[in-house]
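Each remark here refers to the structure printed beneath this line.
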Amino acid sequence: MARSQSPTSVITIERFIMEQERLHPEATGELSNLLYDLCLAAKIISRQVRRAGLTDILGEFGAINVQGEVQQKLDVFANETVRHSVEHTGRVCVVASEEDEHPIPVQVRADRRGGKYVLLYDPLDGSTNIGVNVSIGTIFSIHRRSATKKGPGSLADCLQKGRAQVAAGYILYGSSTMLVYTTGQGVHGFTLDPTIGEFLLSHPDIRSPDVGTYYSVNESHWNRWAPGIQRVVGAFKNGDGGKVEAKNARYIGSLVADIHRNLMSGGVFLYPADTMSPHGKLRLLYEAAPLAFVVEQAGGAATDGKRDILDIKPTELHQRTPLIIGSRRDVAYASAVLGEK
Ligand code: P6P
């Protein structure tokens, strides 16, 4: 019989972040407050996503974003909600989004010093799934400013290796709304209780199995892949007679949903380069790098096939990268095969 939770036994994300902060006497609380800001944005976006089918917000906004994709109304709403939740706080000096061509420097008039942090985010990944009620997600990455010392931040502050992130995570708008994040002290999952508007600790210290149950890839791209990738996917599908067992295929086509399932159950996700997308499809700064930080902190791994995702030095804001991410031994297997001559 599950122990019913008394109101005093629930741990809100606010209490959890505060307790985590106390582990770092040098902490000023600014990172904690920035994470709260993102929680507020997540609640607002979640409310709108949950109503998407009931208001006229469905459908296409009509504008074309920097990726050349038709912007869905919820994309625009989510993009602005995240930015409006942080830009007045004095905690960030620059924000950059998948939906905006350039970073947006932030200067709060009263504070000449300028914010300490950089926020990179994909406001609503998988948005083509909005109209068919498939889970979608928000992904965020937080760095300290590095290139500028005060005032508004710059593109150079955004172009940092994933290894330098101070926090990263995602919000999954699925059967429930979950926020999963890391600050380098493990990975923790919180489920939104909409009746009280609080994210409650539901998955402390998430650890991924070393070997995955699932492999996730869009196999319709098979003929566009390099032979090494075909070998790797073939082994995940059929086994390779010893080094890796055949796995179950699971591919939702919504990055956060695929990554979250594999994080919890064990699995490996691949979005390789191919003849049509020579650098892959997914973005390094606000998709691959934050997810790699989370997955590594849960005991997994993430590579572009040659290098750890977190060790790649970005040169452009929206640069793409091939991505193989998930259970540690599955990623290692893929890297070993791809490294063979
Ligand atoms: P494909 C959704 O459009 C997205 O950006 C990710 O969420 C998802 O993992 C990927 O693209 C799916 O791409 O080519 O398999 O449809």
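The values are calculated or read from the model by the stated rules, or taken from the named source; none is laboratory data. As the structure is a prediction and not an experimental result, all values here were calculated from the model. Here Cβ is always computed from backbone atoms with ideal geometry, including for glycine, and neighbour counts include all displayed protein chains. The area values use the complete protein model at the heavy-atom level, side chains included, leaving out ligands, DNA and RNA. Shrake-Rupley method; radii C 1.70, N 1.55, O 1.52, S 1.80 Å.
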Under 5 Å, built H, 5+ apart or other chain: amide partners of VAL94 = VAL106, LEU119, GLY153
³J(HN,Hα) across segment 123-130 via Karplus (A = 6.51, B = -1.76, C = 1.60, θ = phi - 60°), whole Hz, x for Gly/Pro?
-> x, 8, 7, x, 5, 5, 8, 4
At ASP193 and ALA336, where each label point lies 7 Å from the Cα along Cα→Cβ, what is the point-to-point distance in nanometres?
-> 4.6 nm
Residues with amide H under 5 Å from that of VAL268, placed H, sequence gap 5 or more | TYR214, TYR215, SER216, SER327
Residue-by-residue Karplus 3J(HN,Hα) for segment 287-298, coefficients 6.51, -1.76, 1.60, Hz, glycine and proline x = 10, 5, 5, x, 5, 5, 4, 4, 5, 5, 5, 8
Once both label points are put 7 Å beyond Cα along the C-beta direction, the GLN230-ASN133 separation in nm becomes 4.0 nm
Please arrange ASP157, ASP205 by accessible surface area, largest first, computed with a 1.4 Å probe and ligands excluded.
-> ASP205, ASP157
Rounded to the nearest 5, what % of the DSSP beta bridges within the chain are antiparallel ones?
-> 80 percent
Per the C-alpha gyration tensor (a ≥ b ≥ c, the square roots of its eigenvalues), the chain is rounded if a/c is under 1.5, else prolate if a/b beats b/c, else oblate; here it's rounded
Collect residues whose amide H, placed 1.01 Å from N in the peptide plane, falls under 5 Å from the amide H of ILE206; neighbours closer than 5 in sequence don't count.
-> VAL187, HIS188, GLY189
Unsatisfied cross-links (Cα-Cα over 22 Å) in the set LYS116/LYS281; LYS161/LYS281; LYS281/LYS306; LYS306/LYS341; LYS149/LYS313 | LYS116/LYS281
Straight-line reach check, LYS43, cutoff 21 Å on alpha carbons, 8 or more apart in-chain or any other chain, hits among lysines -> LYS73
Per-bin percent of Cα-Cα distances, segment 84-207 [5 Å] | 2, 11, 17, 19, 19, 15, 11, 5, 1, 0
Keeping all protein chains in place, calculate the accessible area per residue for segment 141-239 (probe 1.4 angstrom), answer in Å².
-> 42 Å²
For n ≥ 4 DSSP H runs only, could you compute -39500 (n - 2.57) per run for the chain, divide by its residues and tell me the 222 nm figure to the nearest 500?
-> -8500 deg cm²/dmol
Integer Hz, Karplus 6.51/-1.76/1.60 couplings in order for segment 245-261, x for Gly and Pro | 7, 4, 10, 7, 8, 9, 9, 8, x, 10, 3, 5, 5, 5, 5, 5, 4
With contacts defined as alpha carbon pairs under 8 Å and 6 or more residues apart, what's the relative contact order of the chain in percent?
-> 15 percent
Treating only the Cβ atoms of Lys and Arg (+1) and Asp and Glu (-1) as charged, compute the dipole magnitude of segment 187-277 about its Cα centre; round to the nearest 20 debye.
-> 360 debye
Inter-label distance, nm, simple model (7 Å from Cα along the C-beta direction), ALA63/LYS150 | 3.4 nm
Please list, or write none, the aspartates and glutamates whose alpha carbon is within less than 19 Å of the alpha carbon of LYS243, excluding same-chain residues fewer than 8 places away.
-> ASP210, ASP330, GLU340
